[in-house]
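Heads up, the thing below is written out as structure tokens.
The values are calculated or read from the model by the stated rules, or taken from the named source; none is laboratory data. Computed from a predicted structure; not experimentally measured. Cβ placement follows ideal geometry from the backbone for every residue including glycine, while neighbour counts extend to all protein chains displayed.
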């Protein structure tokens with residue numbers, strides 16, 4: 001006899017069995033939905049706000065609670081506290097258990113360190129430097145540079161999280177030059193870090209203002225654009241201090257001064273704080289950040305580091321990234337060197353590609369024959385003097401001494417080069433008054449020939465470019481070295497380069513050109529003679 005509601009096994013076709021399974025799945029889904037709805041209801045009720053009377057009961061026990069904390073959960077806990085005070089042992093034990101758990105969680109937060117699995121070999125020393133900066137104040141600034149894929153942003157996002165969790169009074173500020181670039185870069189990167197570490201519930205992210213707030217303490221990671229500097233001055237923290245200031249893609253800033261203004265706004269406490277500049281070095285040595293790195297090389301309060309993609313696990317970046325890098329390495333080595341290795345390779349607009357920087361010894365100078373001396377007048381622009389030798393046989397210029405002064409009176413500069421007053425010094429002919437003064441002071445000076453028949457100013461620059469070598473000693477001629485290696489043709493909008501030679505920042509080069517004036521004239525005459533033949 002068949003039982004009501006059951007289908008005999010003999011009648012269970014495959015279609016019938018599928019219908020039974022489908023009905024079971026629907027029923028199971030409904031049951032899960034009911035359970036989920038119940039959980040959501042409980043959560044909603046526990047987090048519901050209280051009326052004024054209930055709030056007063058909770059405030060009577062814990063006055064320091066904010067209005068955001070006054071929900072049904074708080075009322076229940078207040079009831080437990082009152083019951084424990086009246087001698088209820090179970091209520092006391094329950095509260096003690098919660099207290100122990102909260103204390104452990106707080107201790108874990110204080111002791112939190114960035115996971116070692118988030119750090120490549122390039123950042124081990126950097127990580128130590130960060131903690132030396134916070135513990136002893138040894139460093140005030142870190143310059144973090146490198147090529148693409150070298151996880152600079154990943155690392156510093158993790159350091160930002162660690163800074164918040166280790167110091168309950170610390171706040172962090174990320175900057176980009178333009179506010180519009182924040183959300184798609186540093187803001188999203190910090191979110192990814194929090195998600196990866198499984199701490200999403202501990203943070204509240206907002207976009208207006210752009211901020212991440214650590215719920216347990218109210219500490220903030222603030223994201224600001226530097227395109228409205230006046231608005232930055234209005235930032236004010238409710239408590240604590242900014243411990244970490246991170247400038248992302250800082251080579252895009254208007255200059256170091258723009259970042260200095262931001263530092264003046266945020267880093268004001270006496271507590272050790274760190275200013276971090278993060279960037280991929282641009283191609284040109286003339287970029288202000290590339291120059292800044294060179295300037296900071298000897299600063300004991302600045303730590304400079306460089307990171308590389310090839311030290312990053314393949315699974316982090318994907319095999320495709322590494323394959324592309326290898327293709328560029330083989331087919332476009334200059335692009336690879338800058339884009340993937342972070343090397344300063346130049347824009348392709350370098351003026352002098354024949355410069356050799358090396359030490360020139362006194363013994364070597366003693367073998368030189370005729371020496372040449374050149375002087376470029378100036379005041380607001382630097383006044384410069386260069387001593388050099390030209391090797392006719394090998395077509396090599398040797399720059400062996402320079403004098404350089406800015407906002408310096410002509411008479412004061414004359415005293416600096418007084419030992420050469422008996423030698424012929426070829427000067428800027430555009431300043432006959434200065435030449436006359438030098439003659440009155442006993443100097444053997446003449447004005448330079450600047451125009452060689454139909455050859456203009458550019459001829460002397462071209463002559464220097466065409467020499468086999470320009471050998472310069474950076475210790476003896478630091479300003480000339482800088483100009484010879486950094487000056488570039490102006491890059492136009494279409495990516496091509498102007499053919500005009502610079503008229504600013506070329507003061508020691510002009511002194512070098514004046515010193516070689518007679519040599520260049522000889523070549524001009526020989527060229528004219530050859531053309532007539």
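General observations
- Scan of the range 499-516 for residues that are modelled with pLDDT of 85 or more, surrounded by fewer than 20 Cβ atoms within 10 Å (Cβ to Cβ) and more than 18 Å from residue 379 (Cα to Cα), ordered by number: 501, 502
- Some residue of the range 382-390 being out of contact with any strand residue (DSSP E or B) (no Cβ under 6 Å at 6 or more places or on another chain) and assigned to a loop (DSSP other than H, G, I, E, B): no
- Checking the range 341-362 against the condition returns a match, with at least one residue being at pLDDT 95 or above, part of a helix (DSSP H, G or I) and surrounded by fewer than 16 Cβ atoms within 10 Å (Cβ to Cβ).
- Residue, modelled with the lowest pLDDT, within the range 266-291, restricted to residues that are closer than 26 Å to residue 137 by Cα and surrounded by fewer than 18 Cβ atoms within 10 Å (Cβ to Cβ): 269
- Taken together, 480, 504 contain a single residue that is assigned to a loop (DSSP other than H, G, I, E, B) and under 29 Å from the mean Cα position of the chain (by Cα), which is 504.
- From 395, 391, residue being on the phi > 0 side of the Ramachandran plot and either surrounded by 15 or more Cβ atoms within 10 Å (Cβ to Cβ) or touching a residue at least 40 places away in the same chain (Cβ under 8 Å) (or both): 395
Let's see how each residue does on (1) at pLDDT below 75; (2) over 19 Å from residue 215 (Cβ atoms):
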{"site": "86", "(1), (2)": "no, yes"}
{"site": "100", "(1), (2)": "yes, yes"}
{"site": "105", "(1), (2)": "yes, no"}
{"site": "112", "(1), (2)": "no, no"}
{"site": "120", "(1), (2)": "no, yes"}
{"site": "124", "(1), (2)": "no, yes"}
{"site": "132", "(1), (2)": "no, yes"}
{"site": "136", "(1), (2)": "no, yes"}
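- For the range 169-202, a residue qualifies if it is crowded, with 19+ Cβ neighbours inside 10 Å, outside any helix (DSSP H, G or I) and without any contact (Cβ under 8 Å) to a residue 40 or more places away in the chain, but none of them does.
- Residue count, the range 246-285 (criterion: touching a strand residue (DSSP E or B) at 6+ places or on another chain (Cβ under 7 Å), under 20 Å from residue 179 (Cα atoms) and outside any loop (DSSP other than H, G, I, E, B)): 13
- All conditions but one from (1) over 43 Å from the mean Cα position of the chain (by Cα); (2) modelled with pLDDT of 75 or more apply to residue 49; the one that does not is (2).
- Top-ranked residue in the range 402-428 [being over 45 Å from the mean Cα position of the chain (by Cα) and closer than 17 Å to residue 515 by Cβ; ranked as surrounded by the fewest Cβ atoms within 10 Å (Cβ to Cβ)]: 419
- Test: residue in the range 322-340 that is touching a strand residue (DSSP E or B) at 6+ places or on another chain (Cβ under 6 Å), over 30 Å from residue 446 (Cα atoms) and assigned to a helix (DSSP H, G or I): no
- Given (1) farther than 30 Å from residue 459 by Cα; (2) in contact with a helix residue (DSSP H, G or I) (Cβ under 9 Å, 6 or more places away or on another chain), index of the condition residue 324 fails: (2)
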